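Structure first, then comments.
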Amino acid sequence: VELTAAAEVGAPRVLRHETNKVSPAKLQLLQERDASKGYLGKIPVIAVDTIKPATFGLPGGLLQVSNPGAGHNWTGWQTKNCLAKERLAALTAEDPQQLVIFTDGRDMLYGGCSEELIRRLYTLTVKASGGAPVVAGAELGTWPYDAEDLQNMYQRLPLDERMAEVLKAQQLDAQPYAKYVNTSMCYSCSRPVAKYMYANGGFKIGPAEKLLNITSDLCAFQGDEQKRLHELMLAHPDEITLDYGGNIVLSV
């Protein structure tokens with residue numbers, strides 16, 4: 001389960017677009033924006049669920065998300081990322097630098113933070129990470145790798161230093177969650193200290209074009225998306241960082 005933040009929507013506007021001149025993906029974007037659905041203030045929020053309707057509320061009902069999975073069949077991780085890719089392509093064509101959230105749906109709770117706070121925390125995390133524009137969720141576990149193998153992969157890069165900078169910027173102690181973890185009951189947790197520093201694919205926030213690049217890669221990948229996300233972050237730490245303090249999204 002993950003907890004995320006946000007929520008002030010503007011007043012609805014009248015739909016004045018000529019539907020025969022836009023793609024279906026673009027049309028849905030325009031319709032959702034005019035209905036004040038699928039947005040956290042002005043930030044588009046995407047979640048893919050092939051069972052839910054075109055817009056649906058995250059658990060708790062406080063935030064409506066845009067669902068490009070409506071009416072499609074689920075065939076695996078590629079379904080999620082390939083359908084999100086189409087929506088992100090439309091958002092990129094609209095404004096490649098606009099901030100977008102791509103999140104899981106049914107296991108996410110929205111905590112009520114405002115758009116302004118989300119943007120401020122995002123900017124703070126990016127700056128403390130040296131400018132990496134995409135912020136993904138973090139977790140204590142090392143799924144789907146063996147814990148020792150993934151720890152060794154992460155230790156090849158100075159990610160401990162980056163994590164320390166982000167935690168300092170967020171005014172948190174080093175390893176703020178480790179003391180609450182019983183590693184004997186967490187088979188996938190890092191050891192000897194459970195570090196909240198491993199990528200979790202359930203939440204990403206960043207510019208539309210950057211999320212499109214990542215999602216396009218995940219769409220083409222045949223295996224587990226989280227496995228590939230680890231690989232992408234380790235290969236491109238200048239493009240992907242994590243919310244090491246759980247200030248934007250917290251995995252619990």
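The values are calculated or read from the model by the stated rules, or taken from the named source; none is laboratory data. The structure presented is a predicted model; accordingly, all values stated were derived computationally and were not measured. We place every Cβ from the backbone using ideal geometry, glycine too, and count neighbours over all the protein chains shown. These area figures cover heavy atoms from the full protein model, side chains too; ligands, DNA and RNA do not enter into them. Shrake-Rupley method; radii C 1.70, N 1.55, O 1.52, S 1.80 Å.
Conditions first: (1) in contact (Cβ under 8 Å) with a residue 60 or more places away in the chain; (2) acidic (Asp, Glu); (3) over 28 Å from Leu117 (Cα atoms); (4) out of contact with any strand residue (DSSP E or B) (no Cβ under 6 Å at 6 or more places or on another chain). Glu209 passes all but one, so which condition is the exception?
(3)
Might you let me know whether the range 202-215 holds any residue that is touching a Cys at 6+ places or on another chain (Cβ under 9 Å) and at pLDDT 95 or above? Full working, then the answer.
The initial filter retains those residues of the range 202-215 that are touching a Cys at 6+ places or on another chain (Cβ under 9 Å), namely 215.
Checking which are at pLDDT 95 or above leaves us with 215.
Yes, because at least one residue in the range 202-215 is touching a Cys at 6+ places or on another chain (Cβ under 9 Å) and at pLDDT 95 or above.
What is the residue count in the range 215-232 for residues that are touching a residue at least 24 places away in the same chain (Cβ under 8 Å), buried (at least 19 other Cβ atoms within 10 Å of the Cβ) and closer than 22 Å to Arg156 by Cα?
So the answer is 4.
Which of the residues belonging to the range 86-97 are more than 23 Å from Asp243 (Cα to Cα) and under 16 Å from the mean Cα position of the chain (by Cα)?
Going through the range 86-97, the residues more than 23 Å from Asp243 (Cα to Cα) turn out to be 86-87, 89-95.
Arg87, Leu91, listed by residue number.
Inside the range 194-207, can you point out the residues that are under 12 Å from the mean Cα position of the chain (by Cα) and open to solvent by less than 10 Å² (accessible area, probe 1.4 Å)? Explain how you work it out, then say what you get.
First, pick out the residues of the range 194-207 that are under 12 Å from the mean Cα position of the chain (by Cα): 199-207.
Within the range 194-207, Ala199, Gly201, Gly202, Phe203, Lys204, Ile205, Gly206 qualify.
Contact list please: Cβ distance under 6 Å, first residue in the range 112-126 and over 13 Å from Tyr244 (Cβ atoms), second residue open to solvent by 30 Å² or more (accessible area, probe 1.4 Å) and part of a helix (DSSP H, G or I), pairs at least six apart or on different chains.
Close Cβ pairs (under 6 Å, with a partner that is open to solvent by 30 Å² or more (accessible area, probe 1.4 Å) and part of a helix (DSSP H, G or I)) do not exist here.
Would you check which residues across the range 139-157 are more than 14 Å from Ala194 (Cβ to Cβ), open to solvent by 70 Å² or more (accessible area, probe 1.4 Å) and touching a residue at least 12 places away in the same chain (Cβ under 8 Å) and list them?
Within the range 139-157, Arg156 is the sole residue that qualifies.
From (1) surrounded by 21 or more Cβ atoms within 10 Å (Cβ to Cβ); (2) within 15 Å of Gly246 (Cα to Cα); (3) touching a helix residue (DSSP H, G or I) at 6+ places or on another chain (Cβ under 8 Å), pick out the condition that doesn't hold for Val100.
(2)
Just to be sure I understand, how many residues within the range 158-192 are outside any strand (DSSP E or B) and either open to solvent by less than 70 Å² (accessible area, probe 1.4 Å) or among the hydroxyl-bearing types (Ser, Thr, Tyr) (or both)? Let's see the steps before the verdict.
The first filter runs over the range 158-192 and keeps only residues outside any strand (DSSP E or B), leaving 158-188, 190-192.
Checking which are either open to solvent by less than 70 Å² (accessible area, probe 1.4 Å) or among the hydroxyl-bearing types (Ser, Thr, Tyr) (or both) leaves us with 159-160, 162-164, 166-167, 169-170, 172, 175-178, 180-181, 183-184, 186-188, 190.
Total meeting the criteria: 22.
I'd like to know if the range 129-146 contains one or more residues that are in a helix (DSSP H, G or I) and either under 13 Å from Asn247 (Cα atoms) or not β-branched (Val, Ile, Thr) (or both). Working first, answer last.
Residues of the range 129-146 in a helix (DSSP H, G or I): none.
Checked against the condition, which is being in a helix (DSSP H, G or I) and either under 13 Å from Asn247 (Cα atoms) or not β-branched (Val, Ile, Thr) (or both), the range 129-146 yields no hits at all.
Looking only at the range 56-97, count every residue that is surrounded by 19 or more Cβ atoms within 10 Å (Cβ to Cβ) and β-branched (Val, Ile, Thr) and tell me the total.
2
All but one of (1) touching a residue at least 24 places away in the same chain (Cβ under 8 Å); (2) in contact with a strand residue (DSSP E or B) (Cβ under 9 Å, 6 or more places away or on another chain); (3) not polar (S, T, N, Q) hold for Ala70; state the number of the condition that does not hold.
(1)
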